[in-house]
Amino acid sequence: MVDWRLEHLAEADSTSNICVARAKAGEVAGLAVLADVQTAGRGSRGREWVSAPGNLYLSVLLRPAQEVSSLNRFPLLAGLAVAQAIGQLAPDIVQPVLKWPNDVLLDGAKLAGVLIDAAPSQGRIDWLVMGFGVNLAFAPQIPGRLTTSLASHGLVVAAEVAAQAVLQSLSGWLEILAAGGAEAIQTAWLQAALPLGTEMTVRGAQSTTHGRFAGLSHTGALQLRVENRIETFQTGEILLAGQGG
Ligand code: BTN
């Protein structure tokens with residue numbers, strides 16, 4: 001198990017910024033930073049992540065010592081860890097579902113997201129920061145998306161409790177990965193994901209592709225059935241039919 005060193009701050013610009021700065025300064029793996037409020041929370045694709053009090057803002061610093069080619073595994077692992085943690089915190093409500101690579105949905109609405117920052121060095125991952133945002137108390141509006149919170153499902157969870165659940169689940173999946181369990185992670189991820197065949201659109205920098213979810217490549221990239229062929233995506237914004245994501 002990872003021996004997490006959890007630092008709980010009243011306020012941070014971004015817990016991920018703190019972990020990135022500490023990584024660059026040479027901090028060893030295992031740092032976890034939790035903040036009650038973020039003043040400059042970052043979402044994916046350079047978006048702002050609304051970070052008022054009540055929700056979970058948690059980042060961790062890892063030094064996986066793996067080849068850069070395995071980077072795709074970490075977003076999946078992070079999504080799996082947070083979905084599992086939420087499932088354990090809220091076993092009586094509908095189970096969370098994953099949308100590639102790591103959005104956590106509840107009843108089709110976004111409950112949590114993960115931001116990955118990483119630095120390659122000589123073909124290996126020097127450091128990797130996972131930043132988890134979970135809508136515990138409120139659901140910030142994201143234009144064109146449905147969002148939800150645990151509170152709107154009648155569940156009150158304190159950020160510190162949620163943080164411990166995420167860290168514990170993350171430890172378990174990191175151990176599985178270190179023991180050569182990349183395939184087990186993909187299998188578990190697929191079990192927790194939207195069903196195969198779900199209609200989705202991948203919006204990339206150059207083009208937009210519409211198709212049906214067809215699984216993961218062996219490196220964890222997204223596969224879509226487009227007409228009668230399979231297309232593979234390493235990156236892109238995934239939009240679901242009818243709600244833009
Ligand atoms: C997404 O857009 O889905 C990713 C959101 C990630 C938000 C979390 S909150 C903790 C950490 N610090 C940040 O600035 N961002 C991540």
*Determine ³J(HN,Hα), in whole Hz, for all residues of segment 71-77 in sequence, where each value follows from phi through the Karplus function 6.51 cos²θ - 1.76 cosθ + 1.60 and θ = phi - 60°; x replaces Gly and Pro.*
4, 4, 6, 6, x, 5, 4
*So what's the convex hull volume per residue for the Cα atoms of segment 112-208, in Å³?*
176
*Would you give the gap between the C-alpha center of segment 15-92 and the C-alpha center of segment 133-191, rounded to a whole Å?*
10
*Dividing the alpha-carbon Rg of the chain by 2.2 N^0.38 Å yields what?*
0.96
_Alpha carbon convex hull of segment 45-173, projected area averaged over orientations, nm²_ = 7.7
*Taking θ as phi - 60°, what are the ³J(HN,Hα) couplings along segment 21-36 by the Karplus curve (6.51, -1.76, 1.60), each to the nearest whole Hz, with x for Gly and Pro?*
4, 5, 4, 5, 7, x, 4, 7, 4, x, 5, 10, 10, 10, 10, 6
_segment 39-148 - percent of accessible surface contributed by carbon and sulfur, probe 1.4 Å_ = 51
*the chain: most fluctuating residue of GLN95, GLN38, GLN141 per GNM, C-alpha cutoff 10 Å*: GLN141
_Quotient of Cα Rg and 2.2 N^0.38 Å for segment 14-107, N being how many residues it contains_ = 1.18
*Please give the per residue accessible area of segment 5-192, computed with a probe of 1.4 Å over protein heavy atoms only, in Å².*
41
*asked:* I'd like the accessible area for LEU56, computed on protein heavy atoms only with a 1.4 Å probe and all protein chains in place. Round to 10 Å², please.
replied: 0
*asked:* Which residue, PRO120, ILE238, ILE93, has the largest displacement toward the positive end of the dipole of the chain when charges sit on each Cβ (Lys, Arg +1; Asp, Glu -1)?
replied: ILE238
*As a check on your grasp of the helix formula, calculate [θ] at 222 nm for the chain: sum -39500 (n - 2.57) over DSSP H runs of n ≥ 4, divide by the residue count, round to the nearest 500.*
-7500 deg cm²/dmol
*Just the accessible area for ILE230, please: 1.4 Å probe, Å², rounded to the nearest 10?*
80
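The values are calculated or read from the model by the stated rules, or taken from the named source; none is laboratory data. Given the structure is predicted, the values throughout are model-derived calculations rather than measurements. Virtual Cβ from ideal backbone geometry, glycine too; neighbours counted across all protein chains shown. Quick note on the areas: whole protein, heavy atoms, side chains included, nothing else; ligands and nucleic acids left out. Shrake-Rupley method; radii C 1.70, N 1.55, O 1.52, S 1.80 Å.
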